[in-house]
1. Would you point out which residue out of A:83, A:29, A:39, A:22 is small (Gly, Ala, Ser) and under 19 Å from residue B:314 (Cβ atoms)?
2. Filtering segment B:348-364 down to residues that are more than 14 Å from chain A (Cβ to nearest Cβ) and in contact with a strand residue (DSSP E or B) (Cβ under 9 Å, 6 or more places away or on another chain), which residue is farthest from residue B:279 (Cα to Cα)?
3. Kindly establish whether residue B:315 is polar (S, T, N, Q) and either within 12 Å of chain A (Cβ to nearest Cβ) or buried (at least 22 other Cβ atoms within 10 Å of the Cβ) (or both).
4. Mind checking which residues of segment A:97-130 are part of a loop (DSSP other than H, G, I, E, B), in contact (Cβ under 8 Å) with a residue 24 or more places away in the chain and either charged (D, E, K, R) or touching a helix residue (DSSP H, G or I) at 6+ places or on another chain (Cβ under 6 Å) (or both)?
5. Please indicate, with yes or no, whether at least one residue in segment B:350-359 is touching a Phe, Trp or Tyr at 6+ places or on another chain (Cβ under 8 Å), surrounded by 24 or more Cβ atoms within 10 Å (Cβ to Cβ) and hydrophobic (A, V, I, L, M, F, W, C).
6. Got a sec? Which of B:124, B:81 is crowded, with 22+ Cβ neighbours inside 10 Å, farther than 17 Å from residue B:202 by Cβ and at pLDDT 95 or above?
7. For residue B:340, all conditions in the list (1) surrounded by 24 or more Cβ atoms within 10 Å (Cβ to Cβ); (2) touching a Lys or Arg at 6+ places or on another chain (Cβ under 8 Å); (3) assigned to a loop (DSSP other than H, G, I, E, B) hold save one; what is the number of the exception?
8. Anything in segment B:233-273 that is touching a Pro at 6+ places or on another chain (Cβ under 9 Å) and either within 18 Å of residue B:206 (Cα to Cα) or surrounded by 14 or more Cβ atoms within 10 Å (Cβ to Cβ) (or both)? List them, or say none.
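The values are calculated or read from the model by the stated rules, or taken from the named source; none is laboratory data. Please read all numbers here as calculations on a predicted model, not as lab measurements. Cβ placement follows ideal geometry from the backbone for every residue including glycine, while neighbour counts extend to all protein chains displayed.
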Amino acid sequence: MTTNSFYSKKVLDHFKNPRNFGKIENPDGVATVGNPICGDVMKIYIKVGKKNNKEYIDNIKFQTLGCGAAIATSSIATELVKGKSLDLARKITNRQIIVGLEGLPPVKIHCSLLATEAIKKAIDNYREKK
Amino acid sequence: MTKIYLDHAATTPLDPVVLRKMMPFLKDDFGNASSLHSWGQKARQAIENSRRQVANVLSCQNEEIVFTSCATEANNLALKGLIEATKGKHIIISPIEHHCILDTAKHLKKQGVKVTCLKTDKYGLISLKNLKDSILPETVLISIMYVNNEMGIIQPLLQIGKFIKEINKLRKAKGLPKIYFHTDAVQAIQYLDCDVNQLGVDFLSLSAHKFYGPKGVGALFVRKNTPLIRQQDGGGQEFGLRAGTENVAGIVGLGEAIKKVASQKQKTAKKLNKLSKYLIEGVLSSIEDVQLTGHPIKRAPHIISFVIKGVEGESLLLMLNEKGIGGSSGSACTSGSLQPSHVLTAIGIPPASSHGSLRLSLGKNTTKKEIDYVIKVLPGIVKHLRQMSPFS
(Lines give C-alpha, C1' and ligand atoms only; values in the text may rest on other atoms or scores of the structure.)
Protein backbone atom coordinates (compact mmCIF):
# COMPACT_ATOMS: atom_id res chain seq x y z
CA MET A 1 0.00 0.00 0.00
CA THR A 2 1.30 3.40 -0.86
CA THR A 3 1.41 5.91 1.94
CA ASN A 4 -0.28 9.23 1.84
CA SER A 5 0.25 11.67 4.66
CA PHE A 6 -2.72 13.76 3.58
CA TYR A 7 -5.20 10.98 4.43
CA SER A 8 -5.12 8.51 7.31
CA LYS A 9 -4.71 4.81 6.62
CA LYS A 10 -8.33 4.34 7.55
CA VAL A 11 -9.54 6.86 4.97
CA LEU A 12 -7.47 5.18 2.27
CA ASP A 13 -8.76 1.77 3.34
CA HIS A 14 -12.39 2.89 3.04
CA PHE A 15 -11.62 4.60 -0.24
CA LYS A 16 -10.02 1.52 -1.73
CA ASN A 17 -12.34 -1.04 -0.18
CA PRO A 18 -15.61 0.81 0.17
CA ARG A 19 -18.15 -0.97 2.41
CA ASN A 20 -21.78 -1.13 1.36
CA PHE A 21 -21.14 0.39 -2.00
CA GLY A 22 -23.78 -0.10 -4.67
CA LYS A 23 -27.50 0.19 -5.19
CA ILE A 24 -30.59 -1.28 -3.56
CA GLU A 25 -33.42 -2.11 -5.93
CA ASN A 26 -36.74 -0.88 -4.53
CA PRO A 27 -35.25 0.85 -1.49
CA ASP A 28 -37.45 1.90 1.43
CA GLY A 29 -35.68 5.23 1.60
CA VAL A 30 -33.32 7.05 -0.70
CA ALA A 31 -31.62 10.44 -0.73
CA THR A 32 -29.19 12.27 -2.97
CA VAL A 33 -27.23 15.12 -1.53
CA GLY A 34 -24.81 17.35 -3.31
CA ASN A 35 -22.03 19.49 -2.05
CA PRO A 36 -22.29 22.91 -3.59
CA ILE A 37 -18.79 23.73 -2.40
CA CYS A 38 -16.87 21.20 -4.42
CA GLY A 39 -19.41 19.42 -6.62
CA ASP A 40 -19.44 16.03 -4.87
CA VAL A 41 -22.67 14.01 -5.02
CA MET A 42 -23.67 11.26 -2.59
CA LYS A 43 -26.66 8.90 -2.82
CA ILE A 44 -27.83 6.63 0.02
CA TYR A 45 -30.30 3.76 -0.26
CA ILE A 46 -31.81 2.06 2.80
CA LYS A 47 -33.90 -1.01 3.45
CA VAL A 48 -35.75 -0.86 6.78
CA GLY A 49 -36.41 -3.89 8.97
CA LYS A 50 -38.44 -4.38 12.13
CA LYS A 51 -37.33 -6.11 15.31
CA ASN A 52 -39.28 -6.01 18.60
CA ASN A 53 -41.45 -3.30 17.12
CA LYS A 54 -38.41 -1.16 16.47
CA GLU A 55 -37.43 -0.07 12.99
CA TYR A 56 -33.80 -0.45 12.07
CA ILE A 57 -31.53 -0.16 9.06
CA ASP A 58 -31.51 -3.64 7.66
CA ASN A 59 -29.46 -2.78 4.61
CA ILE A 60 -27.74 0.31 3.34
CA LYS A 61 -25.82 1.12 0.15
CA PHE A 62 -24.19 4.19 -1.24
CA GLN A 63 -23.03 5.65 -4.51
CA THR A 64 -20.71 8.64 -4.51
CA LEU A 65 -19.14 10.83 -7.12
CA GLY A 66 -16.43 12.68 -5.28
CA CYS A 67 -13.01 12.81 -3.77
CA GLY A 68 -11.31 10.21 -1.61
CA ALA A 69 -12.80 11.72 1.54
CA ALA A 70 -16.30 11.80 0.06
CA ILE A 71 -16.11 8.10 -0.77
CA ALA A 72 -14.51 7.16 2.57
CA THR A 73 -17.02 9.15 4.64
CA SER A 74 -19.91 7.56 2.73
CA SER A 75 -18.44 4.14 3.31
CA ILE A 76 -17.84 4.49 7.05
CA ALA A 77 -21.16 6.26 7.62
CA THR A 78 -23.03 3.32 6.14
CA GLU A 79 -20.98 0.95 8.29
CA LEU A 80 -21.72 2.98 11.44
CA VAL A 81 -25.48 2.97 10.98
CA LYS A 82 -26.09 -0.46 9.50
CA GLY A 83 -28.16 -2.52 11.95
CA LYS A 84 -28.89 0.53 14.12
CA SER A 85 -32.41 1.72 14.93
CA LEU A 86 -33.65 4.55 12.71
CA ASP A 87 -33.71 6.93 15.65
CA LEU A 88 -30.14 6.14 16.56
CA ALA A 89 -28.97 6.18 12.95
CA ARG A 90 -30.54 9.56 12.43
CA LYS A 91 -28.44 10.93 15.26
CA ILE A 92 -25.13 10.08 13.59
CA THR A 93 -22.71 12.98 13.85
CA ASN A 94 -19.87 13.94 11.62
CA ARG A 95 -17.64 13.69 14.70
CA GLN A 96 -18.31 9.93 14.81
CA ILE A 97 -17.33 9.70 11.15
CA ILE A 98 -14.13 11.67 11.65
CA VAL A 99 -13.16 9.59 14.69
CA GLY A 100 -14.00 6.39 12.81
CA LEU A 101 -11.71 7.44 9.99
CA GLU A 102 -8.92 8.35 12.42
CA GLY A 103 -9.12 11.95 11.31
CA LEU A 104 -9.81 13.97 8.20
CA PRO A 105 -7.81 16.87 6.78
CA PRO A 106 -9.53 20.16 7.79
CA VAL A 107 -10.35 20.96 4.17
CA LYS A 108 -12.29 17.66 3.95
CA ILE A 109 -14.48 18.06 7.05
CA HIS A 110 -17.38 19.15 4.84
CA CYS A 111 -17.42 15.65 3.29
CA SER A 112 -18.31 14.14 6.68
CA LEU A 113 -21.24 16.55 6.97
CA LEU A 114 -22.44 15.48 3.56
CA ALA A 115 -22.49 11.85 4.69
CA THR A 116 -24.55 12.52 7.82
CA GLU A 117 -26.94 14.66 5.80
CA ALA A 118 -27.42 11.88 3.24
CA ILE A 119 -28.27 9.32 5.94
CA LYS A 120 -30.71 11.63 7.70
CA LYS A 121 -32.43 12.45 4.44
CA ALA A 122 -32.71 8.80 3.41
CA ILE A 123 -34.40 8.01 6.76
CA ASP A 124 -36.68 11.03 6.39
CA ASN A 125 -37.54 9.92 2.90
CA TYR A 126 -38.62 6.53 4.27
CA ARG A 127 -40.70 8.13 7.01
CA GLU A 128 -42.39 10.53 4.59
CA LYS A 129 -43.40 7.65 2.33
CA LYS A 130 -44.96 5.67 5.17
CA MET B 1 5.92 -1.77 -7.82
CA THR B 2 5.85 0.15 -11.07
CA LYS B 3 6.45 3.84 -10.42
CA ILE B 4 5.63 6.26 -13.20
CA TYR B 5 6.04 9.95 -12.56
CA LEU B 6 3.86 12.04 -14.85
CA ASP B 7 3.82 15.30 -12.93
CA HIS B 8 6.82 17.05 -14.44
CA ALA B 9 4.88 20.31 -14.71
CA ALA B 10 4.79 20.31 -10.90
CA THR B 11 8.47 19.59 -10.53
CA THR B 12 11.23 17.50 -12.09
CA PRO B 13 13.88 15.26 -10.56
CA LEU B 14 17.28 16.83 -10.05
CA ASP B 15 19.66 15.80 -12.83
CA PRO B 16 22.62 13.88 -11.33
CA VAL B 17 25.07 15.89 -13.46
CA VAL B 18 23.56 19.09 -12.04
CA LEU B 19 23.81 17.76 -8.51
CA ARG B 20 27.46 16.90 -9.04
CA LYS B 21 28.21 20.49 -10.12
CA MET B 22 26.34 21.80 -7.08
CA MET B 23 28.00 19.57 -4.49
CA PRO B 24 31.26 21.54 -3.96
CA PHE B 25 29.19 24.60 -3.03
CA LEU B 26 27.24 22.62 -0.46
CA LYS B 27 30.49 21.32 1.05
CA ASP B 28 33.94 22.85 0.81
CA ASP B 29 33.27 25.94 -1.29
CA PHE B 30 30.98 27.63 1.18
CA GLY B 31 32.11 31.22 0.72
CA ASN B 32 29.84 34.23 0.61
CA ALA B 33 29.99 35.66 -2.89
CA SER B 34 30.16 39.19 -1.47
CA SER B 35 33.45 38.46 0.34
CA LEU B 36 36.76 39.58 -1.10
CA HIS B 37 38.82 36.57 0.00
CA SER B 38 39.41 33.44 -2.03
CA TRP B 39 36.42 31.61 -0.54
CA GLY B 40 34.13 34.43 -1.52
CA GLN B 41 35.64 34.87 -4.94
CA LYS B 42 35.17 31.21 -5.75
CA ALA B 43 31.47 31.59 -5.02
CA ARG B 44 31.34 34.83 -7.02
CA GLN B 45 32.95 33.14 -10.00
CA ALA B 46 30.46 30.28 -9.83
CA ILE B 47 27.49 32.67 -9.73
CA GLU B 48 28.78 34.70 -12.66
CA ASN B 49 29.43 31.53 -14.63
CA SER B 50 25.85 30.49 -14.02
CA ARG B 51 24.62 33.93 -15.05
CA ARG B 52 26.49 33.49 -18.32
CA GLN B 53 24.90 30.10 -18.86
CA VAL B 54 21.41 31.55 -18.40
CA ALA B 55 22.20 34.58 -20.57
CA ASN B 56 23.42 32.27 -23.33
CA VAL B 57 20.12 30.43 -23.44
CA LEU B 58 18.05 33.63 -23.36
CA SER B 59 20.41 35.44 -25.78
CA CYS B 60 20.76 38.40 -23.45
CA GLN B 61 23.55 40.12 -21.55
CA ASN B 62 24.82 38.62 -18.32
CA GLU B 63 23.82 41.63 -16.26
CA GLU B 64 20.24 41.30 -17.44
CA ILE B 65 19.82 38.16 -15.32
CA VAL B 66 18.68 38.54 -11.70
CA PHE B 67 18.69 35.39 -9.58
CA THR B 68 15.74 34.90 -7.25
CA SER B 69 14.44 32.16 -4.98
CA CYS B 70 11.81 30.95 -7.46
CA ALA B 71 9.63 32.05 -10.36
CA THR B 72 6.97 33.29 -7.95
CA GLU B 73 9.47 35.76 -6.56
CA ALA B 74 10.61 36.71 -10.07
CA ASN B 75 7.00 37.39 -11.10
CA ASN B 76 6.33 39.41 -7.95
CA LEU B 77 9.50 41.42 -8.55
CA ALA B 78 8.67 42.15 -12.18
CA LEU B 79 5.10 43.27 -11.59
CA LYS B 80 5.43 45.11 -8.29
CA GLY B 81 8.91 46.45 -9.07
CA LEU B 82 7.88 47.91 -12.42
CA ILE B 83 4.72 49.48 -11.06
CA GLU B 84 6.65 51.02 -8.19
CA ALA B 85 9.35 52.35 -10.50
CA THR B 86 7.04 53.76 -13.17
CA LYS B 87 4.14 54.67 -10.89
CA GLY B 88 2.10 52.91 -13.55
CA LYS B 89 -1.65 52.84 -13.32
CA HIS B 90 -2.71 49.97 -15.59
CA ILE B 91 -1.59 46.43 -16.33
CA ILE B 92 -2.98 43.70 -18.57
CA ILE B 93 -2.83 39.99 -17.76
CA SER B 94 -4.51 36.82 -19.00
CA PRO B 95 -7.00 34.85 -16.90
CA ILE B 96 -4.98 31.65 -17.14
CA GLU B 97 -1.83 32.99 -15.50
CA HIS B 98 -0.33 31.22 -12.52
CA HIS B 99 -1.64 32.32 -9.10
CA CYS B 100 1.56 34.24 -8.45
CA ILE B 101 0.64 36.60 -11.29
CA LEU B 102 -3.09 36.72 -10.50
CA ASP B 103 -2.53 37.35 -6.81
CA THR B 104 0.18 39.93 -7.44
CA ALA B 105 -2.22 41.70 -9.80
CA LYS B 106 -4.87 41.57 -7.07
CA HIS B 107 -2.38 43.10 -4.65
CA LEU B 108 -1.63 45.91 -7.10
CA LYS B 109 -5.33 46.45 -7.64
CA LYS B 110 -5.76 47.08 -3.94
CA GLN B 111 -3.12 49.77 -4.28
CA GLY B 112 -5.10 51.50 -6.98
CA VAL B 113 -3.65 49.95 -10.13
CA LYS B 114 -6.22 49.08 -12.75
CA VAL B 115 -5.97 45.48 -13.90
CA THR B 116 -7.48 44.20 -17.15
CA CYS B 117 -7.87 40.46 -17.46
CA LEU B 118 -8.09 39.44 -21.11
CA LYS B 119 -10.52 36.89 -22.48
CA THR B 120 -9.35 33.65 -24.00
CA ASP B 121 -10.89 31.44 -26.63
CA LYS B 122 -12.00 27.90 -25.82
CA TYR B 123 -8.40 26.73 -26.06
CA GLY B 124 -7.07 29.34 -23.66
CA LEU B 125 -5.43 31.46 -26.34
CA ILE B 126 -5.62 35.23 -26.11
CA SER B 127 -6.27 37.37 -29.19
CA LEU B 128 -4.28 40.36 -30.37
CA LYS B 129 -7.55 42.16 -31.06
CA ASN B 130 -8.67 41.78 -27.44
CA LEU B 131 -5.21 42.84 -26.28
CA LYS B 132 -5.24 45.90 -28.51
CA ASP B 133 -8.69 46.92 -27.28
CA SER B 134 -7.54 46.61 -23.67
CA ILE B 135 -4.65 49.02 -23.93
CA LEU B 136 -5.19 52.36 -22.21
CA PRO B 137 -3.06 55.51 -22.34
CA GLU B 138 -1.80 54.68 -18.85
CA THR B 139 -0.95 51.02 -19.53
CA VAL B 140 2.59 50.13 -18.45
CA LEU B 141 2.72 46.34 -18.45
CA ILE B 142 1.37 43.32 -20.29
CA SER B 143 2.06 39.96 -18.65
CA ILE B 144 1.24 36.83 -20.62
CA MET B 145 2.60 33.39 -19.77
CA TYR B 146 4.47 31.53 -22.51
CA VAL B 147 3.11 28.02 -21.84
CA ASN B 148 0.14 27.39 -19.59
CA ASN B 149 1.03 25.03 -16.76
CA GLU B 150 -2.34 23.28 -16.61
CA MET B 151 -3.13 22.72 -20.27
CA GLY B 152 0.18 23.19 -22.05
CA ILE B 153 -1.12 25.68 -24.61
CA ILE B 154 1.43 28.05 -26.10
CA GLN B 155 0.46 31.71 -26.27
CA PRO B 156 1.46 33.61 -29.42
CA LEU B 157 4.32 35.42 -27.70
CA LEU B 158 6.16 36.34 -30.90
CA GLN B 159 3.14 38.14 -32.30
CA ILE B 160 2.38 39.82 -28.99
CA GLY B 161 5.99 40.99 -28.75
CA LYS B 162 5.95 42.44 -32.28
CA PHE B 163 2.60 44.07 -31.65
CA ILE B 164 3.78 45.75 -28.44
CA LYS B 165 6.86 47.06 -30.26
CA GLU B 166 4.65 48.69 -32.89
CA ILE B 167 2.31 50.11 -30.28
CA ASN B 168 5.23 51.52 -28.33
CA LYS B 169 6.49 53.40 -31.41
CA LEU B 170 3.11 55.11 -31.73
CA ARG B 171 2.94 55.78 -28.01
CA LYS B 172 6.39 57.37 -28.01
CA ALA B 173 5.25 59.79 -30.69
CA LYS B 174 2.23 60.65 -28.60
CA GLY B 175 4.25 61.02 -25.40
CA LEU B 176 2.49 58.07 -23.73
CA PRO B 177 4.35 55.76 -21.31
CA LYS B 178 6.09 52.71 -22.73
CA ILE B 179 4.35 49.37 -22.31
CA TYR B 180 6.65 46.69 -20.93
CA PHE B 181 6.16 43.03 -21.75
CA HIS B 182 6.59 40.29 -19.16
CA THR B 183 6.29 36.56 -19.65
CA ASP B 184 6.25 33.74 -17.17
CA ALA B 185 8.24 31.16 -19.14
CA VAL B 186 8.43 28.56 -16.40
CA GLN B 187 7.00 25.75 -18.54
CA ALA B 188 8.65 26.88 -21.78
CA ILE B 189 12.37 27.03 -21.06
CA GLN B 190 13.20 23.45 -21.86
CA TYR B 191 11.19 23.02 -25.03
CA LEU B 192 10.60 26.36 -26.74
CA ASP B 193 12.74 29.12 -28.17
CA CYS B 194 13.38 31.58 -25.35
CA ASP B 195 15.46 34.18 -27.18
CA VAL B 196 14.29 37.33 -25.42
CA ASN B 197 14.99 39.52 -28.45
CA GLN B 198 12.98 37.30 -30.74
CA LEU B 199 10.15 37.28 -28.25
CA GLY B 200 10.41 41.00 -27.65
CA VAL B 201 10.00 40.66 -23.90
CA ASP B 202 11.36 43.05 -21.27
CA PHE B 203 10.96 40.54 -18.43
CA LEU B 204 11.05 36.74 -18.43
CA SER B 205 10.70 34.52 -15.36
CA LEU B 206 11.98 30.99 -14.92
CA SER B 207 12.47 28.40 -12.22
CA ALA B 208 15.20 25.76 -12.03
CA HIS B 209 13.18 22.89 -10.59
CA LYS B 210 10.98 22.73 -13.68
CA PHE B 211 13.96 21.72 -15.80
CA TYR B 212 15.89 19.23 -13.68
CA GLY B 213 17.55 21.86 -11.51
CA PRO B 214 17.15 22.30 -7.76
CA LYS B 215 14.17 23.82 -5.98
CA GLY B 216 14.54 27.21 -4.32
CA VAL B 217 16.13 29.08 -7.19
CA GLY B 218 14.76 31.02 -10.13
CA ALA B 219 15.69 33.96 -12.28
CA LEU B 220 14.23 37.07 -13.84
CA PHE B 221 15.50 38.49 -17.10
CA VAL B 222 15.26 42.28 -16.89
CA ARG B 223 16.03 44.11 -20.12
CA LYS B 224 18.66 46.83 -19.73
CA ASN B 225 17.28 50.24 -18.80
CA THR B 226 13.96 48.82 -17.67
CA PRO B 227 12.73 50.66 -14.60
CA LEU B 228 12.55 48.33 -11.63
CA ILE B 229 12.59 48.78 -7.87
CA ARG B 230 13.62 45.83 -5.76
CA GLN B 231 10.97 44.28 -3.56
CA GLN B 232 13.30 42.77 -1.01
CA ASP B 233 15.48 45.28 0.78
CA GLY B 234 18.90 44.67 2.27
CA GLY B 235 22.33 44.19 0.70
CA GLY B 236 23.31 45.18 -2.80
CA GLN B 237 23.25 41.71 -4.32
CA GLU B 238 22.01 41.07 -7.86
CA PHE B 239 22.71 44.61 -9.11
CA GLY B 240 20.70 45.99 -6.24
CA LEU B 241 17.56 44.30 -7.49
CA ARG B 242 17.36 41.40 -5.06
CA ALA B 243 18.90 41.69 -1.63
CA GLY B 244 19.99 38.58 0.28
CA THR B 245 23.02 36.28 0.31
CA GLU B 246 22.98 34.29 -2.89
CA ASN B 247 22.00 30.62 -2.92
CA VAL B 248 25.29 29.71 -4.56
CA ALA B 249 24.72 25.97 -4.96
CA GLY B 250 21.20 26.58 -6.24
CA ILE B 251 22.36 29.18 -8.73
CA VAL B 252 25.11 26.84 -9.95
CA GLY B 253 22.46 24.15 -10.35
CA LEU B 254 20.18 26.46 -12.30
CA GLY B 255 22.99 27.36 -14.70
CA GLU B 256 24.01 23.77 -15.31
CA ALA B 257 20.41 22.65 -15.70
CA ILE B 258 19.47 25.33 -18.21
CA LYS B 259 22.62 24.66 -20.21
CA LYS B 260 21.83 20.97 -20.35
CA VAL B 261 18.16 21.27 -21.28
CA ALA B 262 18.95 23.87 -23.92
CA SER B 263 21.44 21.52 -25.56
CA GLN B 264 18.83 18.75 -25.70
CA LYS B 265 15.84 20.95 -26.49
CA GLN B 266 14.97 19.79 -30.01
CA LYS B 267 15.65 16.14 -29.40
CA THR B 268 13.58 15.98 -26.21
CA ALA B 269 10.75 18.06 -27.66
CA LYS B 270 10.53 15.75 -30.65
CA LYS B 271 10.45 12.66 -28.47
CA LEU B 272 7.84 14.07 -26.10
CA ASN B 273 5.63 15.40 -28.87
CA LYS B 274 5.44 11.87 -30.20
CA LEU B 275 4.75 10.35 -26.78
CA SER B 276 2.13 13.00 -25.94
CA LYS B 277 0.31 12.35 -29.19
CA TYR B 278 0.40 8.64 -28.45
CA LEU B 279 -0.97 9.16 -24.95
CA ILE B 280 -3.72 11.53 -26.10
CA GLU B 281 -4.83 9.13 -28.82
CA GLY B 282 -4.65 6.19 -26.44
CA VAL B 283 -6.80 7.88 -23.81
CA LEU B 284 -9.33 9.38 -26.21
CA SER B 285 -9.82 6.05 -27.96
CA SER B 286 -10.09 3.88 -24.85
CA ILE B 287 -12.32 6.01 -22.61
CA GLU B 288 -15.69 7.48 -23.50
CA ASP B 289 -16.68 11.05 -22.66
CA VAL B 290 -13.17 12.42 -22.38
CA GLN B 291 -12.13 15.80 -23.66
CA LEU B 292 -8.61 17.07 -24.27
CA THR B 293 -8.29 20.59 -22.89
CA GLY B 294 -6.14 23.22 -24.49
CA HIS B 295 -5.27 23.50 -28.14
CA PRO B 296 -4.89 20.34 -30.24
CA ILE B 297 -1.67 21.61 -31.89
CA LYS B 298 -0.46 24.79 -30.19
CA ARG B 299 0.74 22.95 -27.13
CA ALA B 300 4.01 22.30 -25.33
CA PRO B 301 5.35 18.76 -25.76
CA HIS B 302 5.08 17.74 -22.13
CA ILE B 303 1.68 18.81 -20.71
CA ILE B 304 -1.54 16.93 -21.40
CA SER B 305 -4.81 17.71 -19.70
CA PHE B 306 -8.15 15.97 -19.94
CA VAL B 307 -11.56 16.38 -18.41
CA ILE B 308 -13.16 13.00 -17.83
CA LYS B 309 -16.89 13.04 -17.40
CA GLY B 310 -18.45 11.32 -14.38
CA VAL B 311 -15.34 11.01 -12.22
CA GLU B 312 -13.72 13.25 -9.66
CA GLY B 313 -10.10 14.25 -10.08
CA GLU B 314 -8.82 13.56 -6.59
CA SER B 315 -10.24 10.03 -6.55
CA LEU B 316 -8.65 9.51 -9.91
CA LEU B 317 -5.27 10.65 -8.59
CA LEU B 318 -5.53 8.38 -5.54
CA MET B 319 -6.38 5.39 -7.71
CA LEU B 320 -3.57 6.21 -10.16
CA ASN B 321 -1.21 6.54 -7.21
CA GLU B 322 -2.24 3.05 -6.11
CA LYS B 323 -1.07 1.85 -9.52
CA GLY B 324 2.19 3.75 -9.09
CA ILE B 325 1.30 6.65 -11.39
CA GLY B 326 1.73 10.25 -10.26
CA GLY B 327 -0.45 12.85 -11.97
CA SER B 328 -2.36 15.97 -10.98
CA SER B 329 -5.81 17.55 -11.26
CA GLY B 330 -7.56 20.90 -11.34
CA SER B 331 -10.60 19.53 -9.52
CA ALA B 332 -12.05 21.68 -6.73
CA CYS B 333 -11.49 18.78 -4.32
CA THR B 334 -7.74 18.80 -4.96
CA SER B 335 -7.33 22.49 -4.25
CA GLY B 336 -7.03 23.78 -0.72
CA SER B 337 -9.55 26.49 -1.54
CA LEU B 338 -12.12 24.00 -2.90
CA GLN B 339 -12.30 26.14 -6.02
CA PRO B 340 -12.14 24.48 -9.40
CA SER B 341 -9.16 25.37 -11.57
CA HIS B 342 -9.36 29.01 -12.69
CA VAL B 343 -7.74 27.97 -15.95
CA LEU B 344 -10.45 25.47 -16.85
CA THR B 345 -13.10 27.93 -15.71
CA ALA B 346 -11.56 30.63 -17.94
CA ILE B 347 -11.87 28.47 -21.05
CA GLY B 348 -15.52 27.86 -20.32
CA ILE B 349 -15.41 24.42 -18.70
CA PRO B 350 -18.15 24.29 -16.06
CA PRO B 351 -17.18 23.21 -12.50
CA ALA B 352 -19.07 19.93 -12.91
CA SER B 353 -16.72 19.01 -15.75
CA SER B 354 -13.49 20.35 -14.28
CA HIS B 355 -14.38 18.14 -11.32
CA GLY B 356 -12.98 15.35 -13.53
CA SER B 357 -9.79 17.05 -14.65
CA LEU B 358 -6.56 15.10 -15.02
CA ARG B 359 -3.17 16.49 -15.97
CA LEU B 360 -0.34 14.22 -17.00
CA SER B 361 2.99 15.90 -17.67
CA LEU B 362 5.86 14.03 -19.27
CA GLY B 363 9.59 14.35 -18.69
CA LYS B 364 12.73 13.73 -20.68
CA ASN B 365 13.01 10.19 -19.32
CA THR B 366 9.38 9.18 -19.91
CA THR B 367 9.18 6.05 -22.05
CA LYS B 368 6.62 4.59 -24.40
CA LYS B 369 6.39 1.60 -22.08
CA GLU B 370 5.27 3.90 -19.28
CA ILE B 371 2.66 5.51 -21.50
CA ASP B 372 1.44 2.06 -22.53
CA TYR B 373 0.97 1.21 -18.85
CA VAL B 374 -1.07 4.38 -18.27
CA ILE B 375 -3.25 3.66 -21.29
CA LYS B 376 -3.72 0.14 -19.95
CA VAL B 377 -4.77 1.02 -16.39
CA LEU B 378 -6.58 4.35 -16.78
CA PRO B 379 -9.74 3.00 -18.48
CA GLY B 380 -10.25 0.49 -15.65
CA ILE B 381 -9.90 3.17 -12.99
CA VAL B 382 -12.36 5.46 -14.78
CA LYS B 383 -14.79 2.59 -15.15
CA HIS B 384 -14.55 1.74 -11.46
CA LEU B 385 -15.11 5.34 -10.35
CA ARG B 386 -17.99 5.77 -12.75
CA GLN B 387 -19.60 2.65 -11.34
CA MET B 388 -19.34 4.15 -7.87
CA SER B 389 -21.14 7.29 -8.97
CA PRO B 390 -24.88 7.86 -8.47
CA PHE B 391 -25.05 8.75 -12.15
CA SER B 392 -23.93 5.30 -13.29
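1. A:39
2. Once the filter is applied, the top-ranked residue is B:363.
3. Yes: the conditions hold for residue B:315.
4. Across segment A:97-130, the qualifying residues are A:101, A:102, A:104.
5. yes
6. B:124
7. The failed condition is (2).
8. Those that are touching a Pro at 6+ places or on another chain (Cβ under 9 Å) and either within 18 Å of residue B:206 (Cα to Cα) or surrounded by 14 or more Cβ atoms within 10 Å (Cβ to Cβ) (or both): B:247, B:249, B:250, B:252, B:253, B:254, B:257, B:268, B:269, B:271, B:272, B:273.
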